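The values are calculated or read from the model by the stated rules, or taken from the named source; none is laboratory data. Bear in mind that the values here come from a model prediction, so they are computed numbers and not experimental data. Every residue, glycine among them, receives a Cβ derived from its backbone with ideal geometry; neighbour counts consider all protein chains shown. These area figures cover heavy atoms from the full protein model, side chains too; ligands, DNA and RNA do not enter into them. Shrake-Rupley method; radii C 1.70, N 1.55, O 1.52, S 1.80 Å.
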Protein chains: 2
Amino acid sequence: MEQHYSSDLFEHAVDEFSKLPGIGRKTALRMVLHVLRMDVNSVDAMTGAISRLRHDVKYCRVCHNISDVDVCQICSNPLRDSSTVCVVENIQDVMAIEATGQYRGLYHVLGGVISPVDGLGPSDLEIQSLVDRVGAGGVSEVILALGSTMEGDTTSFFISRKLARFDGLRLTMLARGLSVNDELQYTDEVTLGRSITNRVEFRVEM
Amino acid sequence: MEQHYSSDLFEHAVDEFSKLPGIGRKTALRMVLHVLRMDVNSVDAMTGAISRLRHDVKYCRVCHNISDVDVCQICSNPLRDSSTVCVVENIQDVMAIEATGQYRGLYHVLGGVISPVDGLGPSDLEIQSLVDRVGAGGVSEVILALGSTMEGDTTSFFISRKLARFDGLRLTMLARGLSVNDELQYTDEVTLGRSITNRVEFRVEM
């Protein structure tokens, strides 16, 4: 389906849009035709925003979340509970938890999980900076909010060992069990087995 | 689902990607995360291609197809048959016909079809330039390759009247009938009715 257009500018723009994730040449073509109809200022705003994102983006010195400034809006917000630190794999996880509106503490973005297959060891992740951060004081709880995968569990275990020397530090993890609206018959047996073993007192959810 | 990110640069980039056709905020977010992982040169190549497309694009002086130069690659190609001009609505139609590999003549891009509802009259389209082009000589056939819609038919009729004064000019239109792989029972009755009325001699297709 490689197609030759009558304009190299056109061709290059289709090529570039095609490099975006999930964008095939048909969709890229539609985008290019759209750009041709946009007014020049809007196109400049778009290319400027994409360019600045890549050139000027920073990562928070404290939590390593994406930020425009040295210390991100979450870390520098006095209304947030700085005694609780939620450890996550990446910035998407921060967004996902923020979107719930249920968490008022701070974050610590590891930048990945321990995965020998991908060549990712503890020293490639922001684990030492987490230990230093807890060591500096003021943190009473660390939530290990990593995925329930083998790599996530390995990383949680590794971090828990590193933090074991801090007396009185509470280490927690995300609750595991049925998802909202799960039906028992369609739940995988490992999840269901764990949910029975780790059953909790009945309460009416808000 | 409006979400607040910890970076305005990030937020703006998501906003801008969301303006592209068919791109929601979730996909825009995925694109932004992808851009963050791209190397700087690739991002510059992308924004540069989009920017140049909009700033530097030209339209062919002869056929009004998109072009990087004054006269497009199709019009200036000596191997193409300059005696046949195919009239189409827009540049996508040129691409669609080029993609078939079945046509070796030239094009004339109207820039739309006559549509009173959209406020588009004959003077908004490249119709006079088509008449002038035919009047200049060297054209023996004009193919009216517009969509089989009311607007397309109206425009074809209007153009055919304008070109009627050129003796010996052959006016043709695209064949209409069943599409490839159409089953009779699922074909709309207007198409089927016309296909019976305008039936042609049986031949084995290549």
Seminar exercise, completed: With +1 on the Cβ of every Lys and Arg and -1 on the Cβ of every Asp and Glu, the dipole magnitude of the protein assembly as shown about its Cα centre, in debye rounded to the nearest 20, is 160
Problem set entry | Label spacing, shortest first and in nm, from B:D132 to its equivalents in the remaining copies (7 angstrom along Cα→Cβ) | 7.1
For this session: Only Cα pairs under 8 Å and at least 6 apart count here; give the relative contact order of the stretch A:1-123 as a rounded whole percent.
Result: 15
Problem set entry | Neighbour-limited loop hits for trypsin sites (Lys or Arg not before Pro), the stretch B:78-172 (at most 12 other Cβ within 10 Å; DSSP other than H, G, I, E, B) | B:R104, B:R165
Problem set entry | Share of carbon and sulfur in the accessible heavy-atom surface of the protein assembly as shown [1.4 Å probe, %] | 53
Exercise. For label points placed 7 Å from Cα toward Cβ, what is the shortest-first list of nm distances from A:V40 to its copies?
Worked result: 2.8
Exercise. Between B:R203 and A:H55, what is the label-to-label distance in nm when each label sits 7 Å out along the Cα-to-Cβ direction?
Worked result: 6.0
Problem set entry | Innermost chain A residue relative to the axis carrying A onto B, by Cβ distance in angstrom | A:T47, 2
Exercise. When chain A is modelled as a GNM with alpha-carbon springs shorter than 10 Å, which of A:G22, A:G111, A:G177 fluctuates the most?
Worked result: A:G22
Problem set entry | Those residues of the stretch B:48-63 for which accessible area with every protein chain present is at least 50 Å² below the isolated value (1.4 Å probe) | B:I50, B:L53, B:R54, B:H55
Problem set entry | Other copies of B:L79: label-to-label distances in nm, shortest first, labels 7 Å along the beta-carbon direction | 6.7
Exercise. Using DSSP loop states and a limit of at most 10 other Cβ atoms within 10 Å to flag GluC sites (Glu not before Pro), what is the longest stretch of chain B containing no flagged site?
Worked result: B:3-182
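May I ask you to give the solvent-accessible area per residue for the stretch B:1-93, in square angstrom, as obtained with a 1.4 angstrom probe? Write down the numbers at each step before the final one.
On the way: 4270 Å² over 93 residues.
Spelled out: the 1.4 Å probe surface of the stretch B:1-93, per residue, equals 46 Å².
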Problem set entry | Buried accessible area, chains A and B (both chains, 1.4 Å probe, Å² to nearest 100) | 5000
